[in-house]
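Engineer: First the structure, which I've put down as structure tokens, then a few questions once you've had a look.
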Amino acid sequence: MASEGVEKLPEVGHEQVPVVRSKVDWLVPVLRLLAFFATLSATLVMALNKETKTIVVATIGTVPIQATLTAKFQHTPAFVFFVIVNGNASLHNLLMLVVNFVWKKFDSKGLVPLAIASLDLMNVVIVSGGVSAAAFMGQLGRDGNSHARWNKICDKFETYCNHGSGAIIASFIGLTLMISISTISLVRLRNTYNKIVLNSSVDRSQPNPDHPTHQPKRFPGQRRPGEEFPCRRRPGIGDPRTATGITAGVVSYMDIDSREVLFCYDLKLPEGIIPVKEDGEVEALN
Amino acid sequence: MIFSKRFAVFVLRFLALGASISATAIMITSRETVEVLNIKFEAKYTNTPTFVYFVLMNAIASGYSLILLFFPAKNKFGHFILVLDLIMVLLLDSSISACLAIGQVAKKGNSHAGWLPICGQVHKFCDHAAIAVAAGFVASILYFIIVLYSIHNVMNLFTLKN
């Protein structure tokens, strides 16, 4: 027979995801804002990268013949890919920044942090591809390749090259920020999932030390063993204020679909009171 | 069930190891000497730093896979292995992207910069390098699948709370 005492222990046994309410809450949004600015600047600087130069090709008599050469980013497919990828990444960062603040109202299953983390990973990989292709094309443009007889173009189009390298550096910074955002999100996901009791698809070959059964659990109103506490009125005892209950132990068993926990108490009656069988709950009192 | 999981990831890592080793080997042995008008024209993978980067990344990835073949599937280094797997995917993917950019210039040239395509003269080298890049592409896909498996290992992400 479990009886409730007058005072209650604080309820600490709930399966609750601890809400992180500290300044760490602002870390990921700030990083995302910085990454958004970095990728956005990389996109814009590379997309507006253009330089025109007129050079004198030949001289006929006294009339110089000029040729106009333009260097645009569309001439190189690597830079086109770079622009597309960085535009995609900046849009992604902006959207995730917005989702960061409003997802709690729409999500019922906890899928949103998982979706954010996987989209982050995909964007990190794609941006790394874009930035490395652009970096190697830039290196080719700066140094040329003597074996293939490809002349360098950076000595003629210096502004174009400088703008391009600035955009690549900005994209590298954005990539670093996005990698750190991804890592932090994955670490937080791991902490979240470690505190949730999973269903039977968990691998139970090795004990999971983070599982709640390995840690002492307290239910509301649970007493420490051997503790004495005053009783409420129970049939058969008489005046309940003179009796005290002593915690004896806990029995818990698990059925196919249910789980029961029984708290067992000893009843310490003062001298002279003989319990009387009143409500049919017990068969006999010896 | 546990044995089959370990076997599956072992086979995956073995395949990824094979793909990255073959990419490295094929790129290293791609070499062609062509005589054009009495001028010896030699094409090696060291001519462009992009292919050197590709060889380096695939060598690192195959060394990493070789070491990890002898690790059990679920151990306490799960998170560390996941981070390393992610880094490998990033590196491999960037090396392939750069090789494709350089290869496109080599095949089609860039008329605006005055760069002529060289694949017409050294077409065997070009094909060799293309096969190596294809093997690297397969390796990067396999490493990506390994990353998915590592994430599932570490976080049980694909069993959702109901």
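Since every read-out is calculated from the coordinates, none of them should be taken as a lab result. All of these numbers come straight from a predicted model, not from anything done at the bench. Every residue, glycine among them, receives a Cβ derived from its backbone with ideal geometry; neighbour counts consider all protein chains shown.
Engineer: Using a 10 Å cut-off around each Cβ of peptide B:47-57, what is the average number of partner chain Cβ atoms that fall inside?
Structural biologist: That works out to 3 on average.
Engineer: Let me ask something additional. Taking the Cβ of B:LEU69 as the centre, find all other residues whose Cβ is under 15 Å away and add up their charges (Lys, Arg: +1; Asp, Glu: -1).
Structural biologist: Neighbourhood net charge equals +1.
Engineer: Of B:ASN38, B:GLY78, B:ILE131, whose Cα points farthest to the positive end of the dipole of the stretch B:20-162 (charges on the beta-carbon: +1 Lys, Arg; -1 Asp, Glu; origin at the Cα centre)?
Structural biologist: Value computed over the given set: B:GLY78.
Engineer: Let me ask something additional. What number comes out for the charge environment of A:SER128, summing +1 per Lys or Arg and -1 per Asp or Glu over other residues with Cβ under 15 Å away?
Structural biologist: -3
Engineer: What nm value, rounded to one decimal, do you get for the distance between A:MET254 and B:ILE67 when each label is placed 7 Å out toward the C-beta?
Structural biologist: 3.9 nm
Engineer: Fewest first, what order do A:ASP255, A:ASP155, B:ASP85 take by the number of other Cβ atoms within 10 Å?
Structural biologist: A:ASP255, A:ASP155, B:ASP85
Engineer: Also, quick follow-up: Given +1 on the Cβ of Lys and Arg, -1 on the Cβ of Asp and Glu, and no further charges, what dipole in debye does chain B carry about its Cα centre, rounded to the nearest 20?
Structural biologist: 500 debye
Engineer: Have a look at the stretch A:52-207 and give its Rg and Dmax from the Cα atoms, expressed in angstrom.
Structural biologist: 24.2, 92
Engineer: Moving on. Ranked by Cβ crowding within 10 angstrom, fewest neighbours first, how are B:PHE80, B:PHE14, A:PHE172, A:PHE136 ordered?
Structural biologist: B:PHE80, B:PHE14, A:PHE172, A:PHE136
Engineer: Taking one equal scatterer on every alpha-carbon of chain B, how large is log10 of I(q)/I(0) by Debye at q = 0.09, 0.14, 0.19 1/Å?
Structural biologist: Here log10 of I(q) over I(0) equals -0.38, -0.73, -1.10.
Engineer: Could you order the peptides B:48-61, A:137-150 from most to least packed, using the average number of other C-beta atoms within 10 Å per residue?
Structural biologist: B:48-61, A:137-150
Engineer: Given the rule -39500 (n - 2.57) for each run of at least 4 DSSP H residues, summed and divided by the residues of chain B, what is its mean residue ellipticity at 222 nm, to the nearest 500 deg cm²/dmol?
Structural biologist: Taking each H run of at least 4 residues, the total per residue is -24500 deg cm²/dmol.
Engineer: Give me the inter-chain shielding for B:109-121: mean count of other chain Cβ atoms within 10 Å, whole number please.
Structural biologist: Averaged over the peptide's residues, the number is 4.
Engineer: Mind ranking A:76-89, A:176-189 by how tightly packed they are, going by the mean number of other C-beta atoms within 10 angstrom, highest first?
Structural biologist: A:76-89, A:176-189
Engineer: Per residue of B:101-108, count partner chain C-beta atoms within 10 Å of its C-beta, then hand back the mean as an integer.
Structural biologist: Partner Cβ neighbours, averaged per residue: 5.
Engineer: First select every other residue whose beta carbon is under 10 angstrom from the beta carbon of A:GLU51; then total the charges, Lys and Arg +1, Asp and Glu -1.
Structural biologist: Taking every other residue near A:GLU51 into account, the sum is +3.
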